Amino acid sequence: MKVLILCTGNSCRSQMAHGFLQSFDPNITVCSAGTEASGKLNPGAVKAMAEVGIDISHHTSDQVDKYLNDEWDYVITVCGGANEVCPAFIGKVKKRLHIGFDDPSHAVGTPQFIESEFRRVRDEIHTEFRKLYEEEIKPTSV
């Protein structure tokens with residue numbers, strides 16, 4: 001089972017989804033990429049994931065071009081921008097999904113509020129990807 005998670009910058013939402021999905025089943029190959037990859041992870045995302053025991057600090061922020069020729073069971077976009085400009089994959093994609101989330105890196109306010117936005121989005125990603133895993137991915141990966 002191979003899953004590619006796409007976002008615009010590949011620094012926050014896609015990285016959190018990548019971390020959660022990999023934690024649900026280490027036998028799944030999970031990659032994440034960006035349509036305009038930033039080249040680095042958002043520290044707020046790394047911190048929010050560490051709070052739930054998942055270390056994504058070793059992840060890399062990659063351009064989607066790196067994966068265009070590969071075969072994927074799922075390609076999942078997690079932001080509207082990536083969904084709109086999702087490139088045509090030369091490789092085979094069995095299922096393409098969009099599960100959108102707010103971008104906590106755009107939160108404005110006190111440091112406490114911004115941190116709470118990262119946690120809120122992290123928890124939403126966990127809920128939606130757990131549901132996807134349990135209902136769709138797990139049954140087909142056994």
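The values are calculated or read from the model by the stated rules, or taken from the named source; none is laboratory data. The shown structure was predicted, so the numbers you read here are calculated from the model rather than taken from an experiment. Here the Cβ is made from the backbone with ideal geometry for all residues, glycine too, and neighbour counts use every protein chain on show.
The table for this structure:
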{"read-out": "Identity of the residue in region 77-89, in a loop (DSSP other than H, G, I, E, B) and at pLDDT below 85, that ends up surrounded by the fewest Cβ atoms within 10 Å (Cβ to Cβ)", "value": "A88"}
{"read-out": "Residue match in region 67-76 (condition: among the acidic types (D, E) and at pLDDT below 85)", "value": "no"}
{"read-out": "Subset tally (residues that are hydrophobic (A, V, I, L, M, F, W, C) and more than 16 Å from S23 (Cα to Cα)) for region 100-142", "value": "8"}
{"read-out": "Candidate set from region 112-142 (those that are in a helix (DSSP H, G or I) and of a type in the set (A, V, I, L, M, F, W, C)); member that is farthest from the chain's Cα centre (by Cα)", "value": "F113"}
{"read-out": "Condition check for N42: of a type outside the set (D, E, K, R), crowded, with 19+ Cβ neighbours inside 10 Å and over 10 Å from the mean Cα position of the chain (by Cα)", "value": "yes"}
{"read-out": "Within region 90-142, tally of residues that are modelled with pLDDT of 95 or more, buried (at least 17 other Cβ atoms within 10 Å of the Cβ) and of a type in the set (G, A, S)", "value": "0"}
{"read-out": "Region 6-33: number of residues that are part of a loop (DSSP other than H, G, I, E, B) and either of a type outside the set (D, E) or without any contact (Cβ under 8 Å) to a residue 12 or more places away in the chain (or both)", "value": "8"}
